[in-house]
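Report on the following structure.
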Amino acid sequence: MKILIAEDDPELARQALGWLDEAGHQTRWCTHGREALKSAMDPAFDMVIMDVGLPEVDGFEIVTRMRGNAIRTPVLFLTARESVTDRVHGLQVGGDDYLTKPFAHPELLARIDALHRRATNSLATATTKAGWRLDAVRRRVQVRDVTVDLQPREWMLLELFMANEGKVLNKKFLLEKVWDLHFDPGTNVVDVMVCRLRHKIDPPDQASHIQTLRGKGYVFQAGI
């Protein structure tokens, strides 16, 4: 894979670069936020490893701008900021995983491999179901001739809903499967993401494909 590393700690970056080179990856290293922002907009990268505390532009802002520009490259936050608030925020702005420092290099490599599998082995390249056409490569869905581009976690959420159509999915289940959080962060991250997904996939002036069952969770129906 071609991996971008945005990290302002030279010693840590050199270690990570060495491990990734040994694993057969191609790498590019940025030390400043503005340089990292420019490089992250290049869709040629297969993955981005992003520190949060970068000079000039921080990692959260970089990923926010990536997703705002429809750059769907998987992002692994690698940072010393370990609070639940920071971890949840990193996932909310579009990060796909979050690893805190210090870390063991086998875990870093394992998380990179897991993110790559998740990005390439989701649904089939093009799947058609109940009038929906899902393109897993571009994370794009076509509903009744309307094409919608989705952010990574929006795609994961829709994929999960479609795989469990008609079933009640509670917030705990969604947090574990979409955000890899095995605890309740005490935020409305699930509600916000469901709202964003509804805004993109629901037809105007009609019932939503995603119904809320108060106190229970959500139910998805492809045909309404």
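The numbers here are math on the coordinates, done by the rules we state, and not lab data. If you're wondering where the values come from, they're calculated on a predicted model, not measured in any experiment. In this analysis, Cβ positions are derived from the backbone assuming ideal geometry, glycine residues included, and neighbour counts consider all displayed protein chains.
Where nothing but the Cβ of Lys and Arg (+1) and of Asp and Glu (-1) is charged, how large is the charge dipole of the chain around its Cα centre, in debye to the nearest 20? Walk me through the intermediate numbers first.
Details: 30 positive and 31 negative charges, 207 e Å.
Computed charge dipole of the chain: roughly 1000 debye.
Using only Cα atoms, tell me the angle between helix 105-120 and the longest principal axis of the chain; keep it within 0 to 90° and round to the nearest 10.
The two axes meet at around 40 degrees.
Based on Cβ point charges of +1 for Lys and Arg and -1 for Asp and Glu, what charge dipole magnitude is obtained for region 11-98 about its Cα centre, in debye rounded to the nearest 20?
On the way: 9 positive and 14 negative charges, 58 e Å.
Result for region 11-98 is approximately 280 debye, rounded to the nearest 20.
So in the chain, what percent of DSSP beta bridges are antiparallel if you round to the nearest 5? Intermediate values should be presented prior to the final figure.
Working: 18 of 34 bridges.
Around 55 percent antiparallel, to the nearest 5.
Pop a pseudo-label 7 angstrom from the Cα along the beta-carbon direction at both E61 and E11 and give the gap in nm to one decimal.
2.8
Report the gain in length on full extension from K38 to Q142: 0.36 nm times residue separation, minus Cα-Cα distance, nm rounded to one decimal. Walk me through the intermediate numbers first.
Values: separation 104, 0.36 × 104 = 37.44 nm, distance 3.02 nm.
Contour length minus the Cα-Cα distance gives 34.4 nm.
I'd like to know which of H116, G53, A36 lies farthest towards the positive end of the charge dipole of region 2-120, counting +1 on Cβ of Lys and Arg and -1 on Cβ of Asp and Glu.
Farthest towards the positive end: H116.
Please return the longest range in the chain lying between exposed loop sites, taking trypsin sites (Lys or Arg not before Pro), DSSP loop only, at most 15 other beta-carbon atoms within 10 Å, and leaving the sites out. Mind dumping the intermediate values first?
Numbers: sites that count: R138, R144, K167, R214, K216.
The answer is 1-137.
Run the numbers for W19 and E165: contour at 0.36 nm per residue of separation, minus the present Cα-Cα distance, in nm.
Details: separation 146, 0.36 × 146 = 52.56 nm, distance 4.15 nm.
Gain on extension, W19 to E165, equals 48.4 nm.
Going 7 Å from the Cα of V192 in the Cα-to-Cβ direction, what parts of region 40-69 have a backbone nitrogen less than 19 Å from that spot?
Within reach of a label on V192: 52-53, 58-69.
Given that just one value was derived from the coordinates, which of [x] -0.22, -0.29, -0.63, -1.15; [y] -0.27, -0.33, -0.68, -1.11; [z] -0.30, -0.38, -0.77, -1.22 is log10 I(q)/I(0) by the Debye sum over Cα atoms at q = 0.08, 0.09, 0.13, 0.17 Å⁻¹?
From the options [x] -0.22, -0.29, -0.63, -1.15; [y] -0.27, -0.33, -0.68, -1.11; [z] -0.30, -0.38, -0.77, -1.22, the structure gives [z].
Suppose we keep just the DSSP beta bridges with both residues in region 2-120; what percent of those would be antiparallel, to 5? Write down the numbers at each step before the final one.
Values: 0 of 16 bridges.
Counting only bridges with both partners in region 2-120, antiparallel ones make up about 0 percent.
Would you grab the residues whose amide H sits under 5 Å from the one on T27? Only those 5+ places off in sequence or on another chain, please, with H modelled 1.01 Å from N.
I3
Tell me which of T73, A163, H25 sits at the most positive position along the dipole axis of the chain, charges placed on C-beta atoms (Lys, Arg +1; Asp, Glu -1).
Of the candidates, A163 comes out farthest on the positive side.
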